[in-house]
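The values are calculated or read from the model by the stated rules, or taken from the named source; none is laboratory data. Everything numeric in this text was worked out from a predicted model, so none of it was measured. FYI the Cβ positions are ideal-geometry reconstructions off the backbone, even for glycines, and counts take in every protein chain you see.
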């Protein structure tokens, strides 16, 4: 894995961890908080953009991860922003993204080794860095 790919993978790691923090607050909090909803949308858009870059770079995803799904989700959120169904975005945050985090574990470990460890990603909260 080259350094550029490793950095994309680590961005994915960080965004998936932030999505988990949104989920941790629970569905009622998410459904009642437009700021959390926007944060979740933003994370899913970033994940979709990273998936685009990784796909274009020829990075093969683990079998449980489909770059195309994240790319499609990103495009929907960006272009159909006035039709977003919060039950669907919640399901993506709660079910799909944690499964991706698990499936990408080996790639994340490899990326951390390439860039020098889990604390290298700028803007990542220190407590999240030490959890890996």
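Considering only region 54-100, how many residues are closer than 17 Å to residue 9 by Cβ, surrounded by fewer than 16 Cβ atoms within 10 Å (Cβ to Cβ) and either touching a residue at least 40 places away in the same chain (Cβ under 8 Å) or touching a strand residue (DSSP E or B) at 6+ places or on another chain (Cβ under 6 Å) (or both)?
Of the residues in that region, 4 qualify.
Against the definition (more than 12 Å from residue 45 (Cα to Cα) and in contact (Cβ under 8 Å) with a residue 60 or more places away in the chain), how does residue 110 come out, yes or no? It would help to see each step written out before you state the result.
Details: more than 12 Å from residue 45 (Cα to Cα): yes; in contact (Cβ under 8 Å) with a residue 60 or more places away in the chain: yes.
When the stated conditions are applied, residue 110 passes them.
Looking only at residues that are touching a helix residue (DSSP H, G or I) at 6+ places or on another chain (Cβ under 6 Å) and under 13 Å from residue 90 (Cβ atoms) in region 1-30, which one is surrounded by the most Cβ atoms within 10 Å (Cβ to Cβ)?
19
Within region 25-41, identify whether any single residue is over 11 Å from the mean Cα position of the chain (by Cα), assigned to a helix (DSSP H, G or I) and more than 21 Å from residue 85 (Cβ to Cβ), and answer yes or no.
Of the residues in region 25-41, the ones over 11 Å from the mean Cα position of the chain (by Cα) are 25-39.
Narrowing the set further to residues that are assigned to a helix (DSSP H, G or I) leaves 27-32, 34-39.
Filter again for more than 21 Å from residue 85 (Cβ to Cβ), leaving none.
No, region 25-41 contains no residue that is over 11 Å from the mean Cα position of the chain (by Cα), assigned to a helix (DSSP H, G or I) and more than 21 Å from residue 85 (Cβ to Cβ).
Scanning region 42-64 for residues that are in a helix (DSSP H, G or I) and closer than 20 Å to residue 91 by Cβ, which turns out nearest to the chain's Cα centre (by Cα)?
To start, the set of residues in region 42-64 that are in a helix (DSSP H, G or I) comprises 42-56.
Next, from what is left, pick out any that are closer than 20 Å to residue 91 by Cβ: 42-48, 51.
Details: 42: 10, 43: 6, 44: 6, 45: 9, 46: 7, 47: 4, 48: 8, 51: 9 Å.
Among residues in region 42-64 that are in a helix (DSSP H, G or I) and closer than 20 Å to residue 91 by Cβ, the one nearest to the chain's Cα centre (by Cα) is 47.
Mind listing whichever residues of region 65-118 are in a loop (DSSP other than H, G, I, E, B) and more than 14 Å from the chain's Cα centre (by Cα)?
So the first thing to find is which residues in region 65-118 are in a loop (DSSP other than H, G, I, E, B), and the list is 65-66, 80, 84-85, 104, 116-118.
Once the filter is applied, which keeps residues that are in a loop (DSSP other than H, G, I, E, B) and more than 14 Å from the chain's Cα centre (by Cα), region 65-118 yields 80, 84, 85, 116, 117, 118.
State whether one or more residues within region 97-116 are on the phi > 0 side of the Ramachandran plot and at pLDDT below 95. Before the answer, list the steps.
From region 97-116, those on the phi > 0 side of the Ramachandran plot are 116; that's our starting set.
Subset that is at pLDDT below 95: 116.
Checking region 97-116: at least one residue is on the phi > 0 side of the Ramachandran plot and at pLDDT below 95.
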